[in-house]
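Each remark here refers to the structure printed beneath this line.
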There are 2 protein chains.
Amino acid sequence: MEVVYLPKILDVSRSPYAKLRTVSVSSVKVKGFMGKYFETLVNTTLPSQYELLEKTGRLDNFRIVSGKLEGSYKTYFPFDDTDVYKWSEAVSFALASRELPELEKNLNIVIEEIKNAQDEDGYIGTYLSRERKKERWTNLAWNHELYNAGHLIQAAIAYKRVTRKTSLFEVATRFADHIYNTFGPGKKEGAPGHPEVEMALVELFRETGDRKFLELSNYFLSTRGKGLASVPRNPEPEYFIDHKPFVELEEITGHAVRALYLCSGATDLYLETGDEQLWQALNRLWENFVSKKMYITGGTGSRHDWESFGEEYELPNRRSYAESCAAIANFMWNFRMLLATGEGKYSDLMEQILYNGLLAGISLDGKHYFYFNPLEDFGKTRRKKWFDCACCPPNLARFIASFPGYMYTVSDKGIQVHLYEKSSAELLLKDSSVKIEQKTNYPWEGHIYFTIETDIEEPFSIYLRVPSWSSNYSVRIDGNDNPVEMQSGYVELNRCWEGGHTIEFSLKMKPELMETHPLVRDNLGKVAVRKGPVVYCVEQVDNPDFHVWTLTVDSESMREEKCKILDREMVLLKGTGRAIELSEWKGKLYSQLSRTKEIPVLFTLVPYYAWANREPGSMGVWLRKT
Amino acid sequence: MEVVYLPKILDVSRSPYAKLRTVSVSSVKVKGFMGKYFETLVNTTLPSQYELLEKTGRLDNFRIVSGKLEGSYKTYFPFDDTDVYKWSEAVSFALASRELPELEKNLNIVIEEIKNAQDEDGYIGTYLSRERKKERWTNLAWNHELYNAGHLIQAAIAYKRVTRKTSLFEVATRFADHIYNTFGPGKKEGAPGHPEVEMALVELFRETGDRKFLELSNYFLSTRGKGLASVPRNPEPEYFIDHKPFVELEEITGHAVRALYLCSGATDLYLETGDEQLWQALNRLWENFVSKKMYITGGTGSRHDWESFGEEYELPNRRSYAESCAAIANFMWNFRMLLATGEGKYSDLMEQILYNGLLAGISLDGKHYFYFNPLEDFGKTRRKKWFDCACCPPNLARFIASFPGYMYTVSDKGIQVHLYEKSSAELLLKDSSVKIEQKTNYPWEGHIYFTIETDIEEPFSIYLRVPSWSSNYSVRIDGNDNPVEMQSGYVELNRCWEGGHTIEFSLKMKPELMETHPLVRDNLGKVAVRKGPVVYCVEQVDNPDFHVWTLTVDSESMREEKCKILDREMVLLKGTGRAIELSEWKGKLYSQLSRTKEIPVLFTLVPYYAWANREPGSMGVWLRKT
């Protein structure tokens, strides 16, 4: 069995600055919380997205270019090809977990359509074809050609790694060659208006071993800040993260997805090059980001205008943008930072993003999506079946499909467990197999029961992430208490694991109130409720007797209650609290300060990711502090 | 003396549904708080704006069309002519108060340039001239031709009423004729993308007596909601207030200035027609507006994206848009509602807008402007000298110039005093003169000492507005206590005023804490400080020892202190309070709830309108509630 062909999301097995190595998506089978998402993905999400790609003309765009169909570009945005690519990547990674004949058949059709739309010279992109061909590479700021290339390359690598078929990979490599021949020192100067290709090119280098792709990725990163990726104004170059060279950035600003994809690509470059200046910039940006610009849900991007980061501590709840793609990008960046360092602060964040801001992007029925994710709503924001700018739906699909590849990593010292989920894994360590079964009701309970099976005789370590939300935890190995110490967010269990062994990992998990830095003015005097990694919210549908925005909870009264929304089991929080009597305010907006009249209420809180799956109504994450 | 030629802002002397009649701008001389603004206006604002109209090419645009200059349209937006028109209106009304030879000379030059740019057929508009002539009336949504016409008509009426010269009026009337011949039933169908012309056409009817202009205004209002004023999407028709017929509107939405100008125009139409359906719609919208969508400063328009109203109770402070023009439009609408009803709730609001959200738009030095007005800032928002989209600066100028015309009205019963300001007035009542002198340090103190002089022998009433912020007031006439009752927000003092009499009007004015409807989530757990009509804020420049966003004030400790910022006298509020020790939060954004560490502080508050006139720094209107 050749390790290199196992379908990994990122293959950092030869990356000199990776402390951890990824595992194959196919090596882990999810059966719990994320298992449900996977079932919905393959049964509903991916088939319905295929229909939408067809119905909206996204596949026809390829057919028009290849001459199979008459007409001109059927959709609106220059990046609509990427929805096809992301869907292809999603199906590819889903195939790593399970045989899916119908989806695979459709994927092969799609790939054939893509292939036929490639130009002789390697260029592929259905927007700038035919009558618009002369505009190629003339408007890097808006035409998204390199962004399209990035998603094509990622899809092609996924398809190759999973199916071992090279058809799409050849298309992608030819386009990458074309781009390499077009851009660079002494050639055309340029930088992508929407970053994405940077990480794709590093992965293409990892897949091919051809350093020119690494060089090209590095070129695109290093040309930022020169006005090559942006327009002079409206929006400002900062929107494109083109206002400064990347290594000089101090604050994370601009379009959130652009910024976070760029950081992801820059981290990929660091994993290969170890560039110290780059690493310092990444650390500065990460610190600025997590300490000043991220929602408690892991969502990010405060402004509807230009889908951008706000200023420091600018985190409005009602008009949070928190694009679903930005949550995904946030996860992707933190995974790369984790590979570079092995530090739990990054995997903690992956968990925080996953169970909150990221999965909120998709409905429990698997076919409705949020583009932006408010943390507070007056009852009008609903998930939609699709968007003209449809970046989020297939991005969510590829994330869910690739999820098994994010749970574990390996290193020379052993195996790291980053995410907990009822699952079976068979990982390769020192060319031998280690089977790990997780039995758990995570994220609802903090007990994870591991069974480990391996023939490896030498001792190695199993590292378990201790989430930062857990104030208390314990480890028992084969039924015996095992004193442990935490380092960089993990406990290291080093011993001989030959034969069969068990680990009982218990994390203390109870509902708790969270508060925010006082300069986040929208959250001043407010608390959020978190239980383990799950952030809760209050929805009107569960609380018909008072306006949920006025609720204050008695934290001592909170008790857990299992329930199902659609087919999903989850834990609600119930208790007693107080709400404001609004009738006194009728017709008034401002008043001299007086004693607010409160009424006692019973309340129910629901996990934030599951909101807006029932009747419309107001919702809030941040509750009035007592 | 013919009343009709006195320069009124609106001449409702023959409007059948006006309960109150306006007075001439020239009949009142402001000498106090607004007097300072007037001095700055004529010495700094208007001369500097004239230079900017010249420097930015706005005047050249007219010269290019008339053939005096080679070249093509020099500026960016299709509505840049209106800056010239609004400046002309501002200078005209300023001339009603004082002789200003230099400004009048320049105004006459400007009017000559405008006149020369008019087409044979009456069309005037420098954007759609020459090579763009064929686009006339093809894009009502964006080309702003009718908006331009509205401002031209208003400027022309002002110039005629003040100077009795008809040159600009003839230009405007010819254009209005052209529009009348172009649009209407059986002619071209249309509605303006940006309302404004509706109120201008009603005023043109009032000035000329020609009902066709009233008919045309009514036509433009009644054609809304049919897709004639908007694009199908991006933005939605709601942005243009074109999603429904006006009389069916329930909620004030869309672009704030568009919506409020439209409401102003609709109220002007009501004043002439008494249309009951229109009146009901206006009342619904007003109630919705003031009870759910207005900042405590009288600013309005919550969203930067599309400069629009938000949903109900959506009033973010840090990203409040609150365009200066929207505050002006809000004032204009309420003045018209006041004329229709005589009710103090409208004039109260005029006062609230004036001293807060409106005057915040212009710096104390008279040459820097806010386009949008945050209620909370991290220290980066500063007033600018000009904007590419320069609607606000000349709009502020025309407001300040016309201010004297807003202070009083008359009716068959007597004289209404709506706004208080050290001033002298000579008003016409029953064709006789009534001289009213106000001695006051308003808005800093609540005592107004009136002297009244008239030859009118019959008794008539003087109505004094009792501001809603005043919990207590008293009236003394000629030194004697005078028991009074309030009706519709006014006390009526009915008696014979022949000869000389005095009124001492005392309003109890002390700093008080205000709170907001609990569904305005950004203000939950926060209070604002108001003294009389003036809303205060806390600026970092006065409070270097703590972050102003964390201040909570001890309201009992507050004392007043006179001070000057630049040349302006104002009253600061000082006292003791507590602020949050931020050092504990270093590097952290979220934390489990713990006791916040507070430190005792001395604080200084400054009137909101005066913020950002000194060193940059954080600012906040809403303070942490104890």
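The values are calculated or read from the model by the stated rules, or taken from the named source; none is laboratory data. Only a predicted model underlies this, so the values are computations on that prediction, with no experimental measurement involved. As a convention, Cβ positions derive from the backbone with ideal geometry for all residues, glycine included, and neighbour counts pool all protein chains shown. Please note that ligands, DNA and RNA were not included when accessible areas were found on the heavy atoms of the full protein model with its side chains. Shrake-Rupley method; radii C 1.70, N 1.55, O 1.52, S 1.80 Å.
Odds and ends about this structure:
- Annotation: segment B:1-68 has a Kirkwood hydrodynamic radius of 15.5 angstrom, from the mean reciprocal C-alpha pair distance.
- Positive-end extreme of charge dipole, chain A - chosen from A:221, A:540, A:35 (charges on Cβ): A:540
- Average beta carbon contacts from partner chains per residue of B:516-529, 10 Å cutoff: 6
- Unsatisfied cross-links (Cα-Cα over 23 Å) in the set B:367/B:574; B:345/B:510; A:345/B:597: B:367/B:574; A:345/B:597
- For segment B:334-424, fraction of C-alpha pairs farther apart than 23 Å, in %: 36 percent
- For segment A:24-170, the C-alpha radius of gyration divided by 2.2 N^0.38 Å, with N the number of residues, is 1.08.
- Cα gyration tensor shape for segment A:585-626, rounded if a/c is under 1.5, else prolate or oblate: prolate
- Size of charge dipole - segment A:548-594 - debye, nearest 20, with Cβ of Lys, Arg +1 and Asp, Glu -1, no other charges: 160 debye
- Overall shape of segment A:473-626 was characterised from the C-alpha gyration tensor. The equivalent ellipsoid obtained from it has semi-axes of 41, 18, 13 Å, in decreasing order.
- Förster radius 45 Å - calculated FRET efficiency between residue A:69 and residue A:284 (Cβ-Cβ, nearest 0.05): 0.35
- Counting only Cβ charges, +1 for Lys and Arg and -1 for Asp and Glu, the dipole size of chain B around its Cα centre is about 1240 debye.
- Neighbours of residue A:212, meaning other residues whose beta-carbon lies under 15 angstrom from its beta-carbon, give a summed charge of -3 when Lys and Arg score +1 and Asp and Glu score -1.
- Shape call, segment B:291-387: gyration tensor on alpha carbons, a/c limit 1.5: oblate
- Net +/- balance of residues flanking residue A:116 in space, Cβ distance below 10 Å, scoring K and R +1, D and E -1: +1
- Measure of compaction for segment B:141-299 (Cα Rg per 2.2 N^0.38 Å): 1.03
- Helix runs (DSSP H) in chain B reaching 18 Å along axis by Cα, Kyte-Doolittle at least -1.0: B:81-97, B:101-116, B:145-163, B:167-182, B:256-273, B:276-292, B:324-341
- For segment B:56-127: span of alpha carbons on each principal axis (Å, largest first): 37, 24, 20
- Calculated SAXS-style log₁₀ I(q)/I(0) at q = 0.18, 0.26, 0.27 Å⁻¹ - segment A:430-495, Debye, Cα scatterers: -0.79, -1.43, -1.47
- Pairs of C-alpha atoms in segment B:187-248 farther apart than 15 Å represent 50 percent of all such pairs.
- Spatial separation of Cα centroids for segment A:261-299 and segment B:41-119, in angstrom: 52 Å
- Inter-chain shielding of B:311-317 (mean C-beta neighbours from other protein chains, 10 Å cut-off): 4
- Here the sum of -39500 (n - 2.57) over DSSP H runs of 4 or more residues, divided by the residues of chain A, equals -10000 deg cm²/dmol at 222 nm, to the nearest 500.
- At 0.692 mPa s and 37 °C, Stokes D of segment A:546-626 from Kirkwood alpha-carbon radius, µm² per second: 229 µm²/s
- Taking a quarter of the surface of the Cα convex hull of chain B gives a mean projected area of 28.3 nm².
- Here r is the Cβ-Cβ distance between residue A:177 and residue A:109 and R0 is 30 Å; the resulting FRET efficiency, rounded to 0.05, is 0.75.
- The separation of segment B:442-456 from segment B:574-626, counted between C-alpha centres, amounts to 40 Å.
- Principal axis dimensions, largest first and in whole angstrom, of segment A:86-179 by Cα: 43, 21, 20
- Electrostatic dipole magnitude of the protein assembly as shown [Cβ: Lys, Arg +1; Asp, Glu -1; Cα centre; debye, to 20]: 20 debye
- log10 of Debye I(q)/I(0), alpha-carbon scatterers only, for the protein assembly as shown at 0.06 Å⁻¹: -0.58
- Two-site FRET efficiency, residue A:116 against residue A:615, from Cβ-Cβ distance with R₀ of 41 Å, rounded to 0.05: 0.30
- Positive-end residue, chain B charge dipole about Cα centroid, Cβ charges, pick of B:291, B:61, B:501: B:61
- For residue A:413, a cut-off of 19 angstrom between C-alpha atoms picks up these lysines, skipping any fewer than 8 places away in its own chain: A:19, A:430, A:435.
- Residue of chain B with the smallest Cβ distance to the axis mapping B onto A, distance rounded to whole Å: B:525, 1.
- At 7 Å out from Cα toward Cβ: residue B:277 inter-copy label distances (nm, ascending): 7.0
- Restriction of the trypsin sites (Lys or Arg not before Pro) in segment A:96-144 to DSSP coil positions whose beta-carbon has at most 14 other beta-carbons within 10 angstrom yields A:98.
- Scaling the Cα radius of gyration of segment A:370-470 by the globular reference 2.2 N^0.38 Å produces a ratio of 1.47.
- Three-way shape label, segment A:230-338, alpha-carbon gyration tensor, a/c 1.5: oblate
- Accessible area of residue A:563 (1.4 Å probe, protein heavy atoms only, ligands and nucleic acids ignored): about 30 Å².
- Computed log₁₀ I(q)/I(0) - Debye formula, equal Cα scatterers, no solvent, segment A:493-546, q 0.16, 0.19, 0.24, 0.25 Å⁻¹: -0.72, -0.85, -1.04, -1.06
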